[in-house]
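Please read the structure below before turning to the comments.
The values are calculated or read from the model by the stated rules, or taken from the named source; none is laboratory data. No experiment lies behind these values; they were computed from the predicted model shown. Using ideal geometry, Cβ is built from the backbone for each residue, glycine included, and neighbour counts are taken over all protein chains shown. Side chains are part of the model used for accessible areas, which takes the heavy atoms of the whole protein and leaves out ligands, DNA and RNA. Shrake-Rupley method; radii C 1.70, N 1.55, O 1.52, S 1.80 Å.
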Amino acid sequence: DYLLAAQYANGGWPQFHPDRSSYRGQVTFNDDAMTQVVGLLQDIAEGEGALAALQPLRGDAAAGAVERAIALILDLQVRIDGTPTIWAAQYDETTLQPATARSYELPSLASAESVAIVRLLMRQTPSPRVVDAIENAATWFEAHDLEDTAIERIGRDGSRPSDVRLVAQPGATVWARFYDLQRQQPLLVDRGGAVVASLADMSQERRTGYAWYGIWPQALLEKDLPQWRRRHALEGRRADNP
């Protein structure tokens, strides 16, 4: 009931409820907030496992909430120069435009969160619009990896590494956590909102205290997506009308 009450009429969820002050009220994919809510409600709607007991009580309401959420997610896939890309980490709850959260979380394309969104879409009935969203996101991931590059975490300083840097490593691939909304290039932002050119230019506190690079799309592209295509006889399909 709490989750159903927290959903916006547009289909999204805020990061916090009922406290929606500051960025807490934004439609939030950051840290998989909204995708996990939708997944839980879909489990209820479909009577999955231990949640089967809730299906007679809240199954219809949960299914309606999931339907509204998926429709919004499809609408929120960011288009740049008319081409679908991936998703932002958070959106203004009124304008539904990519928004700033913490000072170092500027409006941008968010790779880690978009992987979770694609996996959620892969759970849905593969309508033409759902298929196009998944395939367009996969195409974007494939085009925006950093090849022959790896993340090196140096030492330990309590719960975090003492330093982090990118290093050349043949055959390795990473993605930036965020990409800017103009050139679609890695976006690194220090505490206070200052955009920096590289990890080396960032304060140590932010460099070691946030996941600026990772391999989030790797398993999706290499394993999950091929399995999904085979399951739905979609192997090799690409959107005809991106």
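Scanning the stretch 122-132 for residues that are of a type in the set (S, T, N, Q) and either open to solvent by less than 20 Å² (accessible area, probe 1.4 Å) or in contact with a helix residue (DSSP H, G or I) (Cβ under 8 Å, 6 or more places away or on another chain) (or both) gives a single hit, Q124. Within the stretch 23-74, the set of residues being aromatic (F, W, Y) and either farther than 27 Å from P128 by Cβ or open to solvent by 10 Å² or more (accessible area, probe 1.4 Å) (or both) comprises Y23 only.
A count restricted to the stretch 181-228 and to residues that are charged (D, E, K, R) and within 27 Å of L120 (Cβ to Cβ) stands at 3. Restricting T139, T95 to those that are free of Cβ contacts under 8 Å to residues at least 12 places away in the same chain and either out of contact with any helix residue (DSSP H, G or I) (no Cβ under 7 Å at 6 or more places or on another chain) or closer than 17 Å to Q77 by Cα (or both) reduces the list to T95. Examine the stretch 197-209 for a residue that is under 20 Å from E142 (Cα atoms) and not in a loop (DSSP other than H, G, I, E, B), and state whether such a residue exists. Taking every residue of the stretch 197-209 in turn, none turns out to be under 20 Å from E142 (Cα atoms) and not in a loop (DSSP other than H, G, I, E, B). Would you say E135 is acidic (D, E) and either more than 22 Å from the chain's Cα centre (by Cα) or assigned to a strand (DSSP E or B) (or both)? No; evaluated as a whole, the condition is false for this residue. Residues that are within 15 Å of F178 (Cβ to Cβ) and either of a type outside the set (A, V, I, L, M) or open to solvent by 40 Å² or more (accessible area, probe 1.4 Å) (or both) occur at least once in the stretch 133-143. Considering only residues of the stretch 75-98 that are of a type in the set (G, A, S) and under 14 Å from the mean Cα position of the chain (by Cα), which is surrounded by the most Cβ atoms within 10 Å (Cβ to Cβ)? By that ranking, first place goes to A88.
Checked across the stretch 100-121, the condition of being surrounded by fewer than 17 Cβ atoms within 10 Å (Cβ to Cβ), out of contact with any Asp or Glu (no Cβ under 7 Å at 6 or more places or on another chain) and in a helix (DSSP H, G or I) holds for no residue. When the stretch 45-66 is filtered for residues that are touching a residue at least 40 places away in the same chain (Cβ under 8 Å) and either of a type outside the set (A, V, I, L, M) or over 17 Å from T35 (Cβ atoms) (or both), the ones remaining, listed by number, are R58, A61. Of a type in the set (A, V, I, L, M) and under 23 Å from Y210 (Cβ atoms): does that describe V38? No; evaluated as a whole, the condition is false for this residue. None of Q227, Q204, Q169, Q185 is open to solvent by 20 Å² or more (accessible area, probe 1.4 Å) and in contact (Cβ under 8 Å) with a residue 24 or more places away in the chain except Q204. Among the conditions (1) among the charged types (D, E, K, R); (2) within 28 Å of Y23 (Cβ to Cβ); (3) touching a residue at least 24 places away in the same chain (Cβ under 8 Å), D75 misses just one, which is (3).
Selection of the stretch 11-22 for residues being under 20 Å from E113 (Cα atoms) and either free of Cβ contacts under 8 Å to residues at least 40 places away in the same chain or open to solvent by 20 Å² or more (accessible area, probe 1.4 Å) (or both) yields Q15, F16.
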